[in-house]
Every structure is written in structure tokens, then in C-alpha cells.
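The values are calculated or read from the model by the stated rules, or taken from the named source; none is laboratory data. Keep in mind the model is a prediction, meaning the values are calculated, not measured. Note that each Cβ is placed from the backbone with ideal geometry, even for glycine, and that neighbours are counted across all protein chains shown.
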Amino acid sequence: MDEQVDQENDGANPRRPNYYLLGGAFALFTALVALVVFVSYARWLPHPQQASRNQLLYWVATRDLSQESPELRRALLERLIAEFDDEDLGGQVSRDALPRAYVEQVNDNIEMLKFDWFAWQVERYKRDTELRWSSVGASFEQAQRWLNASQRLSASDEESVDIAAEINRLIDSVPDNQRATAENLVADAVVIWLTRTDVATWTESERRELASQIVLSLDSRPLESLPAESTWTPEQQATLRHNAERLLGSWAAMQAHELAGISGRHERAAFIDSRMEQVQRWGLLRLFATNAESSDSPSAWEAARQLLAVTGDWLRWTDEADRVEMQALVDLLTERVAAQAMRRLLSF
């Protein structure tokens, strides 16, 4: 009896691998058919203007967009923006849903579309001068959606992106004769962004880095005007004002450290005077304006007076280790403002 069972088992064992082999072959055949169908379907894509939503995604996943004309890529961009919001695009195409061979193509295409999109925004910004803030606002909203979607589609495993470096890459990608326009677009976008974030949650080193970048921008292009109050909600206006105060405080902390290295009395006074003139040129203090004079174009005196109004916050926000330097800056600033007030009084 045992021998018969063993013989039956011995006879059954050789047949089992055949079943697995057939099953594996069928699975491989099914996968190959699916891939052939995928590639064949992708090969016959219509122009983006006539493409369906799924066909738009095939454009991104299967075509090398660097080989397509700028006009076709523009048409594809317009359709993608019109058809998909952030969640739709991220949900329709993802790394897990794509064959591995197409992941790299998706990333290359997204990179190209990103630069095309930015060039498009620069053109629109230059053209719509009367709609400056609304134009930038629309660009900002699109940028947020595309950034979120591209992060989900990206094959990169990096947890964070160097936004400053990414912005510099975008600016450098436009022709030289459009570089200034691109920089202005980014500067306005930063103002809008500061109505929607809270820099108080950042580390002080992060705030100082951002403040330094903004100062470079303001030195080359002062804030000539702000949009009408109706453009932003009261909450957004308050957020912008608070962020401006906080970043100005971080910049002041860096100036306080620099002042600590200057020993001569006249040199220290000249340093403070030059910084007050610098702040006046920026046009930033109109954010803190409380009357008609300061909301237009504040004089050096008015700028200095407004600076004094926020120095209490500077001291409160300064770390204990840096408070002595900040106090020295505030004291000298107060002294210089008093001297200006005396000269102003005697000039009447």
C-alpha cells in the first residue's frame, strides 16, 4: 500500500512543475500583451487639443516631449491645466501605476513642461501689466498644483527640494532679454506667498536666509506698489504684515551682529544711517503705514519712525545670546532718529 502511494507521488511530482511553467508562461504572455497594447495605443495619440483625459496622460508617460515642437507642448500644457487639478493628476498617474520603463520618461517630461510653463508665465506677466497681481496670483495657484503633482509623480526619493535653487534654475532657463521680467515675476510671487504662510514657524536661520534673498531683490527692485486692499482678505493682509515684520527683525539681527564689529562712533552712526536709507528705498514700510503720508512714499524721517515702532518686537524675538547686540542696534537707531527729529525741527 505504501509503495503504491509512493509510486503515485513519484508519478505526480514530475507533472507539478509543468503546471507552474504553464501558469508562468500565461502570466508572462498576458503582461506582454498588456505592454504591447499600452505601447501601441500610445503610438497613435491624437494632438493634445483633441486628446481625451487618458490620452493626455499617455502623452506625458510615453512620448519624449523634447522631440515635440514648442507649440505642441504649449497645447499639452494648456489641456493638462484645464483638465486636471492637483488631486486628479496625482491620482491618475503615479510611480506605482506606471511600467518601470516609463517612470524616467515621466520625470523628464515633467521637468521640460515645468520650464515651458514658467516661460509661459513670464510672457503673460510681461503682457498683462495692468493685471499684474491677478496674473501672478493665478500663476502662483498653478505653481502650487504642479509642484504637488510633480512631487507625487517624481521618481526622486529626496524628501525636500531646494526651492531657492529651483527658482534660480527657472529664472536662468529664460532668454537673457526676459531675465529681468522673470525676476520681477518671482519677486511678486514671493509677496503673494507671504500672504499665505507663517514664517514664525520657521527656524531663525531659515528666516535669515529668506530675508537675505528678499533684501537682494528689494535692493534691485523696490516695492513700488501693493495691490488694492480688495485683492486680499484681511487675514492675508495681516499675515503679510506679520511676516514682513518678522523677516525685517531677522535682517535687523544680522545688521546688529555686523554693527558689533564696528568700533568708531562716526562709523557706527554712518552704518545706521545707511541702513535706514536702505529700508526707506525698499518701500517695505508702507506695509506698516497708519496714515496717508507713510502709505505713499515715506521720507527718511518717517521710515526711521516706523522702524522704531517695531523694535520692541525685534528684541522680543531675538535669542538671549544675541539680545545684547540687538539692544545696541536699537539704542543707536533711537539716537539717530532723535538727531533727525532735531534737525527736522530746526529746519522749520
Does the stretch 248-260 contain any residue that is surrounded by 19 or more Cβ atoms within 10 Å (Cβ to Cβ), within 25 Å of L332 (Cα to Cα) and of a type in the set (S, T, Y)? yes
So which pairs qualify, if the first residue must be in the stretch 257-286 and small (G, A, S), the second must be in a helix (DSSP H, G or I), the Cβ gap must be under 6 Å, and the two must be at least 6 apart or on different chains? A260/E325
Mind checking whether some residue in the stretch 53-74 is modelled with pLDDT of 85 or more, assigned to a helix (DSSP H, G or I) and under 30 Å from V191 (Cα atoms)? yes
Would you please list the contacts, defined by Cβ atoms under 9 Å and residues six or more apart or on different chains, that run from a residue in the stretch 184-209 that is without any contact (Cβ under 8 Å) to a residue 40 or more places away in the chain to a residue that is in a loop (DSSP other than H, G, I, E, B) and hydrophobic (A, V, I, L, M, F, W, C)? A187/L223
Taking the stretch 182-205 and keeping residues touching a helix residue (DSSP H, G or I) at 6+ places or on another chain (Cβ under 8 Å) and more than 12 Å from V136 (Cα to Cα) leaves E183, L194, T195, R196, T197, D198, V199, A200, W202, E204
Any hit, the stretch 91-113, residues being modelled with pLDDT under 60 and within 21 Å of the chain's Cα centre (by Cα): no
I'd like to check something: does the stretch 200-215 contain any residue that is at pLDDT 85 or above, more than 23 Å from L315 (Cα to Cα) and surrounded by fewer than 17 Cβ atoms within 10 Å (Cβ to Cβ)? no
Based on what the data block shows, is R208 over 15 Å from the mean Cα position of the chain (by Cα), assigned to a helix (DSSP H, G or I) and farther than 20 Å from V279 by Cα? no
